[in-house]
1. What stretch of the chain, leaving out the sites themselves, is the longest with no trypsin sites (Lys or Arg not before Pro) in a DSSP loop having at most 11 other Cβ atoms within 10 Å?
2. Cross-link candidates for Lys44: which lysines have Cα within less than 17 Å, leaving aside residues fewer than 8 places away along the same chain?
3. Just the C-alpha atoms of the chain: what Rg/Rh do they give, with Rh taken as the Kirkwood radius?
4. Could you tell me what fraction of 2.2 N^0.38 Å the Cα radius of gyration of the stretch 73-140 comes to, as a two-decimal ratio?
5. According to the square roots a ≥ b ≥ c of the eigenvalues of the Cα gyration tensor, what is the shape class of the stretch 167-220, taking rounded for a/c under 1.5, prolate for a/b larger than b/c otherwise, and oblate for the remainder?
6. Nearest 10 degrees, 0 to 90: what angle lies between the long axis of helix 84-94 and the longest principal axis of the chain (Cα atoms)?
7. So for the stretch 56-169, taking the charge dipole from beta-carbon charges (+1 Lys/Arg, -1 Asp/Glu), which of Cys77, Ala158, Thr122 sits furthest toward the positive end?
8. Quick one: grab the alpha carbon gyration tensor of the stretch 1-81, order the square roots of its eigenvalues as a ≥ b ≥ c, and give me rounded if a/c is under 1.5, else prolate or oblate depending on whether a/b is larger than b/c.
Amino acid sequence: MISFDRVNKAYHGRKLTRHVLHDASFTIRPGQSLGICGANGAGKSTLLRLIAGVEHPSSGTIRRGMRVSWPIGYTHCFQGSLTGADNARFIARIYRQPVDRLLAFVEQFAELGEYFDQPVKTYSAGMAARLAFGVSLAIDFDCYLVDEVTSAGDHRFAERCHAALAHRRATGTLVMVSHSPATLQEYCSTGAVLHEGRLRFYPTIDEAIDVHLAQQTLAA
C-alpha cells in the first residue's frame, strides 16, 4: 500500500508561497481504483509526482509498499537528445527488464514508426505520451499513475489504452487524474477532490465528481 502521513507540499517563489497540499494523511490500498478531481492548477499532477516519488514533500512522510509507475501523461522525463528506443533501453536496464522484450512491446504498442529511432525532442506531446504509456505498460508495476494520457493519439490507440488500463485496474492499483468525468467514471470506483490544498475522499467516484462540479459552479 501507499500511505501519506501529515504530508505538506508548498512552493516558494518571489514574494509568493503556494500550498499545494496541506496536512494530508491517507492510504491507497492494493486493488483500489482512485480518481482525483480538481480545478486547473489545484495540484493534481503534483500529487501524482509525490505518490510516485518524483517529488519530495515539504514535510511529512510517504511510504510505498508497492512498485509505483511514474505519472503517465503529457509531461515526461525522457532524455530529449536520445531516441525513443534508446530511452526505452535505458529504462529497461534501470528496472532490470529484458531489453529486447521491452523494446518489442513498446514499438508495437506506441506505433511511433520511424520516430521510434528519432530523438524524443522531435516528438509531439502526444507521441511522447504514447512512448511513456508503452514503456510503463511493459513493466509490471503494482500501481499505475495516469495523468490524462487516454486522450493521446487516434481512436485505435485510445482503444488500446482502454484495454490496457482495464486490465491493470482489474489486476492492480490505479490512480488517475482527468478533467473528464466520463473517463474517471469509466476507470475508477472511488474518488477524491483536491481543493485549496485539502484532499478529501469519497466512497464513490460519482460523489467526488458531484462535489468537484459543485465547487466549480460556486467559483464561477
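Quick note: the coordinates plus some simple rules give every number you see, no bench work behind them. From a predicted model like this one, the values you see are computed outputs, not experimental measurements. All Cβ positions, glycine included, derive from the backbone under ideal geometry; neighbour counts span all protein chains shown.
1. Formally, the longest exposed-site-free interval is 97-220.
2. Lys9
3. My calculation of the ratio gives 0.97.
4. Taking N as the residue count of the stretch 73-140, the ratio is 0.95.
5. Taking the square roots of the gyration eigenvalues as a ≥ b ≥ c, the stretch 167-220 is prolate.
6. The angle comes out near 70 degrees.
7. Value: Cys77.
8. Oblate shape, in that a/c is at least 1.5 and b/c is the bigger or equal ratio.
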